[in-house]
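Everything on this sheet refers to the single structure shown next.
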Amino acid sequence: MSRPRQKIDQQGVGAELLTRLKSEASGWQRERMLAIKLTMEGTDTQKVADDLGRSQATIQTWINRFRTGGIEGLLTKNKGNGPKSRLTAEMETAMVAELAKGKWRTARDAWNWLGSKFDLGDMKEATIYKYLGKCAGRLKATRPCNPQKDPAAEAAFRATLADKMEEIGIPANTPVRLWVYDEMRYGLHPLTRKMWCLRGIRAIAPSRRRYQNGYLYGALEVGGSGSEFLFTPSLNKEWDIEFLRQISAHDPQATHIVIGDGAGFHHKKDEEPLPENIKIITLPAYSPELNPVEKLWDIVKDGICNRDWKDLDELEEKITERIKPYWEDTKRVTRLIGKGYLLSELNAIWKNELRQYN
């Protein structure tokens, strides 16, 4: 006669486990709780092991831990028997400080730095990955930043934008619309970005060098619902004024304050032949972070990368598909601009002038 099966939920926490399992994200904790749920329902441990891709011995170990320690016992991992980590608190603090500077291009750079600074020349190179993870280090794509950028000028622009708008001298009782604008180059020259692929298989994207290109002007309205776009064959003053006229026509009765960078083909304050209701404010040099349109260009490039386009017409059709939601759904423009300095400075001038925004 076989031995009677022991009760699995000896701690009386089975109902709590089932409730927690419903909201538990995928991972090792969910896997263990699922194994207990199946065994409590009467599923044979070998069948549970087969379904989860584990050994029967592992499933039985989880059951024993749940019997004796409940959910806490089930979800507590034993410490490994390997050697004690050589990463001291001092080393961890120093690594975090270096990671914040972003000076390590590869894990080997970090390994060399740690070995020389703390006399760990005998440390295996593979160990550095564990230490980088413990210090919250991540391998990230870099964003270019011109070394001539002036952080003080950038901070001052954020804080004084409302003053700059006040200095423009907007007529009383005139609606005000604040815009940010920029342009993006696109073309048949290959644009490649990271892509998902199976481990062990090289990710390959088509790459055929051709030098046909065009440009897309884009403008987003801060605190409103506007967006304007224009495809052009080149960048120059003529196309720039054409796009500014397009913004002007968006609401002929309003004064449009347009913020852009100081590129040579951009019009500057009071420069002829600006439309009467267009006022220009120029960003500090080398400060693309101040312009939310840069985020839109990243979104567009994500949709056109890793492809071999037949011609510019096909490419422009795809670009139009990517930007179309921004003139159809005003909430997308709002989310892209966010709640940063542009909106707060615009609110400040609205309050100061007691204007009603339409």
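The values are calculated or read from the model by the stated rules, or taken from the named source; none is laboratory data. Please read all numbers here as calculations on a predicted model, not as lab measurements. Positions of Cβ are backbone-derived with ideal geometry, glycine not excepted, and every protein chain shown enters the neighbour counts.
Whether any residue in segment 32-50 is surrounded by 14 or more Cβ atoms within 10 Å (Cβ to Cβ), touching an Asp or Glu at 6+ places or on another chain (Cβ under 7 Å) and under 19 Å from Thr76 (Cβ atoms) is what I want to check.
yes
Would you call Thr232 within 20 Å of Tyr326 (Cβ to Cβ), surrounded by fewer than 17 Cβ atoms within 10 Å (Cβ to Cβ) and of a type in the set (Ser, Thr, Tyr)?
The answer is yes for Thr232.
Specify which of the listed residues (Glu271, Glu328, Glu316) is under 30 Å from Asn146 (Cα atoms), out of contact with any Asp or Glu (no Cβ under 7 Å at 6 or more places or on another chain) and free of Cβ contacts under 8 Å to residues at least 24 places away in the same chain.
Testing whether each residue is under 30 Å from Asn146 (Cα atoms), out of contact with any Asp or Glu (no Cβ under 7 Å at 6 or more places or on another chain) and free of Cβ contacts under 8 Å to residues at least 24 places away in the same chain leaves just Glu271.
Out of the residues in segment 331-358 meeting the condition of being under 22 Å from the mean Cα position of the chain (by Cα) and closer than 15 Å to Val176 by Cβ, tell me which one is modelled with the lowest pLDDT.
Going through the qualifying residues, I end up with Leu343.
Wholly within segment 102-175, which helices (runs of 4 or more DSSP H) include no fewer than the required count, namely at least 3 residues that are out of contact with any His (no Cβ under 9 Å at 6 or more places or on another chain), surrounded by 12 or more Cβ atoms within 10 Å (Cβ to Cβ) and free of Cβ contacts under 8 Å to residues at least 12 places away in the same chain?
In segment 102-175, the matching helices (runs of 4 or more DSSP H) lie at 107-117, 151-167.
Regarding Arg143, is this residue at pLDDT below 90 and not assigned by TED's automatic domain parsing to the domain that holds Gly303?
Against the criterion (at pLDDT below 90 and not assigned by TED's automatic domain parsing to the domain that holds Gly303), Arg143 qualifies.
Given the options Tyr217, Tyr211, name the one that is surrounded by fewer than 20 Cβ atoms within 10 Å (Cβ to Cβ) and either β-branched (Val, Ile, Thr) or in contact (Cβ under 8 Å) with a residue 24 or more places away in the chain (or both).
Being surrounded by fewer than 20 Cβ atoms within 10 Å (Cβ to Cβ) and either β-branched (Val, Ile, Thr) or in contact (Cβ under 8 Å) with a residue 24 or more places away in the chain (or both) holds for just one of Tyr217, Tyr211, which is Tyr211.
Quick check: anything in segment 236-249 part of a loop (DSSP other than H, G, I, E, B) and modelled with pLDDT of 95 or more?
Scanning segment 236-249, I find at least one residue that is part of a loop (DSSP other than H, G, I, E, B) and modelled with pLDDT of 95 or more, so the answer is yes.
In segment 252-292, what residues are of a type in the set (Lys, Arg) and crowded, with 19+ Cβ neighbours inside 10 Å?
Lys279
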